[in-house]
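**Student:** Before I ask anything, let me first share the structure, which is written out below as structure tokens.
The numbers here are math on the coordinates, done by the rules we state, and not lab data. What you see is a predicted model; the values in this text were computed from it and never measured. Positions of Cβ are backbone-derived with ideal geometry, glycine not excepted, and every protein chain shown enters the neighbour counts.
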Amino acid sequence: MRRVLGGRALLAAALLAPALARAAGEELGGPLPVFAFAALRPLAAPPPPGSAFIAPESSLGAPAAVVALPPLLDNVSRTRATFRAGSVVVHVYGEKSRNKGDWFIGFAAEGAEPQFRNGHKMIHWTVLHRTVRFTAGGKSFSAYIQGDLSNRMQSRIVVSADDRSQPQSSWSVQEITDDGYESGAPVRLGGREFRLFYARDFDQDDDGAFAGYTGGRSIVLVAREQGRFTAFHWYESDVPRDGGVLAVSEKPAFADQQGAGPLLLGLRRTADDRLEIYDRSAAPVARK
């Protein structure tokens with residue numbers, strides 16, 4: 001999403017849409033490699049059905065964590081995977097559209113709005129060579145994904161200046177995955193460390209291009225344990241502001257580990273845009 005930070009997952013915890021491999025496979029007569037962005041996946045997966053209900057605040061005690069949301073907006077775009085466009089630093093990351101779930105690569109020049117290109121249109125593999133272009137810092141760039149069928153996590157995103165005025169930049173899917181996770185805000189709940197992502201949702205048009213932000217935002221929690229990711233997603237609009245707490249008992253939006261248990265939390269937004277997170281595993285909650 002876009003139910004990545006966001007966002008797998010970020011892959012793996014997140015996958016470049018399986019439909020991509022199917023469509024390209026039809027063109028080439030064989031399957032394409034599936035690209036994983038583990039920590040980014042949570043930003044792309046719709047929330048699983050759960051036993052969510054509004055609980056009275058008094059039944060949950062004090063919040064286990066309180067996080068100011070505005071400073072975190074689009075924090076998945078502030079990764080360590082960067083290149084320079086002249087004097088401008090550009091961050092590279094992955095997100096999915098909300099309406100169709102296609103993977104997009106984001107190019108976020110500092111001080112400017114991110115630019116998104118559909119990953120389907122960036123694949124280089126066997127006879128398929130798809131390249132996208134964008135501008136940053138007044139310079140033109142080309143970008144593609146070089147598939148590695150033997151090790152999908154070592155497939156590489158490659159960016160080069162069209163005027164060849166600077167060295168080519170590239171990152172493996174593994175690097176993008178790890179950088180995506182690290183860009184989240186640390187939150188400790190129930191003895192486990194999570195990363196919190198807060199992102200604007202966007203749609204794509206019928207041609208597969210970025211169609212603009214929807215006005216909605218997503219909240220995602222991601223845990224990484226022994227290299228494996230578990231992610232949980234909520235739309236911000238579903239989280240009550242004052243007056244109540246959204247108590248959730250739901251399975252992960254994505255989990256590398258089979259049988260990952262539900263997350264028992266309460267979520268509430270305050271009038272000054274802070275997110276209060278309650279640990280329901282430590283407090284009884286009366287169902288309505």
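**Student:** Nearest 0.05, what FRET efficiency do Asp207 and Thr270 give at R0 = 41 Å with Cβ-Cβ as r?
**Tutor:** It comes to 0.50.
**Student:** Quick one: what do you get for the range 125-190 if you divide its Cα Rg by 2.2 N^0.38 Å?
**Tutor:** The reported ratio for this selection is 1.42.
**Student:** For the pair Gln154 and Ser281, what calculated FRET efficiency results from E = 1/(1 + (r/R0)^6), where r is the Cβ-Cβ distance and R0 = 41 Å, to the nearest 0.05?
**Tutor:** The value I calculate is 0.60.
**Student:** Once you charge only the Cβ atoms, +1 for Lys and Arg and -1 for Asp and Glu, what is the size of the charge dipole of the range 114-261 about its Cα centre, to the nearest 20 debye?
**Tutor:** 280
**Student:** Could you give me D for the range 95-159, from Stokes-Einstein at 37 °C and 0.692 mPa s, where the hydrodynamic radius is the Kirkwood radius over C-alpha pairs? Units µm² s⁻¹, please.
**Tutor:** 257
**Student:** Write down the radius of gyration of the range 143-250 and its Dmax, each obtained from C-alpha positions, in Å.
**Tutor:** Spelled out, the Cα radius of gyration and Dmax of the range 143-250 are 18.3, 57 Å.
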